[in-house]
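Asker: Mind having a look at this structure? Questions to follow.
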Amino acid sequence: MKKYNFGKNITTMMLAWAMLAVPLAAFGQTRITMPKNKYKIQDDIKLGRDASRQVEQQMPVLNDAEATRYVQDIGQRLVNAIPSQFQHSEFQYNFSVINARDINAFALPGGPMYVNRGMIEAARTEGEMAGVMAHELAHVALRHGTAQATEQSKPLNQLGTIGLILGGAVLGGQQGAQLGMLGAQAWMTKFSRKYETQADVLGAQIMANAGYDPRDLANMFRTIEQQSGGNRAPEWLSSHPDPGNRYETINREAQSLRVAGGGERNMREFQRIQNRLSRLPRAQSMEEIARNQQNGRGGGYGQGQNPMANGRYSSRVELPSSRSRVFTSGNFIQMSVPDNWREFPTQSSVWFSPEGAYGDNGITHGAMIGMTEARSNNLQQATEDYVNGLMQGEGNNYLRQTANYTRTTLGGRNAYATTLTGRSPLTNRNEIVNVVTTQLRNGNLFYVVAVSPESEASNYNYAFRNMLRSIRLND
Ligand SMILES: [Zn+2]
């Protein structure tokens, strides 16, 4: 009898203890609510699938079965640890290693994830590497890509851009130049602070569920910062901006989490993979990859970084065709250009020029569109900065501003226009350069620069006006 009572008491005590412990844990950890999203699960999946096809065509996926399997195993362990309310059984999570030295990783809507070799090599522990992956998984599970599009009221037909851009953001090169540099920065390289906090918190919870110390996620942000050497922040940090006190937020969350299985670390396996990677030939940077793609793919785009380098300047240049064609870059921009102008994408701009008017010193006839980071939020100030920079640029010092800034519109928004003139060393003739600028929603400056010899300006004005009028921006 006594024995029975004793047993019962123990059980009761344990039950009471369990009842006490469970609510404590449940109340302690931050509750996350799925952000509003007007898109279907299938939209996330399609976006991710389309973009991953593009990524895999253009990025060097590491061909090393052991390293890949290792990353896949960790990825699967983390996927299994996603809280059930954020599991989407339709999502297909898969994990690849990109053979690039930059410290970066990204996940596409619906599941495909890419971890750069540089990220694995930078991490100090398996937990730190898993931390980056858990953070990325949290963005995917919370459907932040389409949620952000919902918030910005993007029509569904623009959604295709997200995927392309996420791909483009990391690949550079010809497509990358257009989609990545133009499109991505304009569209959504950055998750909002709100989503960053969510991904940090859910990332920490996933870590704990998977048996990792969630504080390793916080540590990884420090590790990445240190590797940047105080110069340019690694790509990964700029697309996942610190919502403020990130390190503290994650560590606070970690205190309320119980690490499944005690959180022992698998250091040996991690070190083995790091050693293995260090014995492989040095990985290229994304910039090198993009440059080599430009060179290798060529298609008449010439050698070296300048895609126009193959061009030969001629004194006889065909007039702009009266027929136009539509140029698009993702869904970020659409505009008409004369159909006898070739296009040359570079890292942050696209040049348009007829045969005989382009070469390694730029263009003598044609136009250029592009985007640049604005130091000022004020459009006029940002425009002045850009124009001054343009005139000081290599090979442009013959240009002088010969008109005041005038207000106009571009793509339905406020814009500024001005004119520069000077004697072109390429043609030995007076040249007219028209500059029109406007602001993108992320604060960057979008510019159109139109170039022609003064004596031919009347033939070019019509083409430029058409081009400017036709510009549609979706940023
Ligand atoms: Zn993030």
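Asker: Being modelled with pLDDT of 80 or more and either surrounded by 16 or more Cβ atoms within 10 Å (Cβ to Cβ) or over 29 Å from Gln148 (Cβ atoms) (or both) is the filter here; which residues of region 21-40 pass it?
Answerer: Residues satisfying the conditions are Gln29, Thr30, Ile32, Pro35, Asn37, Tyr39.
Asker: For region 432-475, how many residues meet the condition of being free of Cβ contacts under 8 Å to residues at least 12 places away in the same chain and under 18 Å from Ser329 (Cα atoms)?
Answerer: Looking only at region 432-475, we keep the residues that are free of Cβ contacts under 8 Å to residues at least 12 places away in the same chain, and these are 458, 461, 465, 469.
Okay, now just the ones that are also under 18 Å from Ser329 (Cα atoms), so 469.
Residues flagged as free of Cβ contacts under 8 Å to residues at least 12 places away in the same chain and under 18 Å from Ser329 (Cα atoms) within region 432-475 amount to 1.
Asker: Quick one: count up the residues across region 65-108 that are acidic (Asp, Glu) and within 24 Å of the chain's Cα centre (by Cα).
Answerer: So the answer is 1.
Asker: Out of (1) under 22 Å from Asp213 (Cα atoms); (2) within 12 Å of the ligand (Cβ to nearest atom), what's the single condition that is false for Ala130?
Answerer: If we test Ala130 against (1) under 22 Å from Asp213 (Cα atoms); (2) within 12 Å of the ligand (Cβ to nearest atom), just (2) comes out false.
Asker: Only one of these conditions is not met by Asn310: (1) outside any loop (DSSP other than H, G, I, E, B); (2) modelled with pLDDT under 85; (3) more than 22 Å from the chain's Cα centre (by Cα). Which number is it?
Answerer: (1)
Asker: Just to be sure, is Gly304 at pLDDT below 90 and either exposed (fewer than 15 other Cβ atoms within 10 Å of the Cβ) or more than 26 Å from the chain's Cα centre (by Cα) (or both)?
Answerer: yes
Asker: Would region 64-81 turn up any residue that is within 16 Å of the ligand (Cβ to nearest atom) and either surrounded by fewer than 22 Cβ atoms within 10 Å (Cβ to Cβ) or of a type in the set (A, V, I, L, M, F, W, C) (or both)?
Answerer: Taking region 64-81 first, the residues within 16 Å of the ligand (Cβ to nearest atom) are 78.
Of the ones still in play, those that are also either surrounded by fewer than 22 Cβ atoms within 10 Å (Cβ to Cβ) or of a type in the set (A, V, I, L, M, F, W, C) (or both) are 78.
Yes, region 64-81 contains a residue that is within 16 Å of the ligand (Cβ to nearest atom) and either surrounded by fewer than 22 Cβ atoms within 10 Å (Cβ to Cβ) or of a type in the set (A, V, I, L, M, F, W, C) (or both).
Asker: Using the structure shown, decide if Thr197 is at pLDDT below 50, of a type in the set (Val, Ile, Thr), within 16 Å of the ligand (Cβ to nearest atom) and under 21 Å from the mean Cα position of the chain (by Cα).
Answerer: Considered against the rule, which asks whether it is at pLDDT below 50, of a type in the set (Val, Ile, Thr), within 16 Å of the ligand (Cβ to nearest atom) and under 21 Å from the mean Cα position of the chain (by Cα), Thr197 comes out as no.
Asker: Still on this structure: Quick one: how many residues across region 80-115 are hydroxyl-bearing (Ser, Thr, Tyr) and either farther than 20 Å from Phe191 by Cβ or free of Cβ contacts under 8 Å to residues at least 40 places away in the same chain (or both)?
Answerer: 3
Asker: Could you grab me the full set of residues in region 94-109 that are at pLDDT 95 or above and crowded, with 20+ Cβ neighbours inside 10 Å?
Answerer: Passing the criteria: Phe95, Val97.
Asker: Continuing with the same structure: Residue under question is Arg400, and the condition is that it be without any contact (Cβ under 8 Å) to a residue 60 or more places away in the chain and among the charged types (D, E, K, R); does it hold?
Answerer: Yes.
The values are calculated or read from the model by the stated rules, or taken from the named source; none is laboratory data. From a predicted model like this one, the values you see are computed outputs, not experimental measurements. Here Cβ is always computed from backbone atoms with ideal geometry, including for glycine, and neighbour counts include all displayed protein chains.
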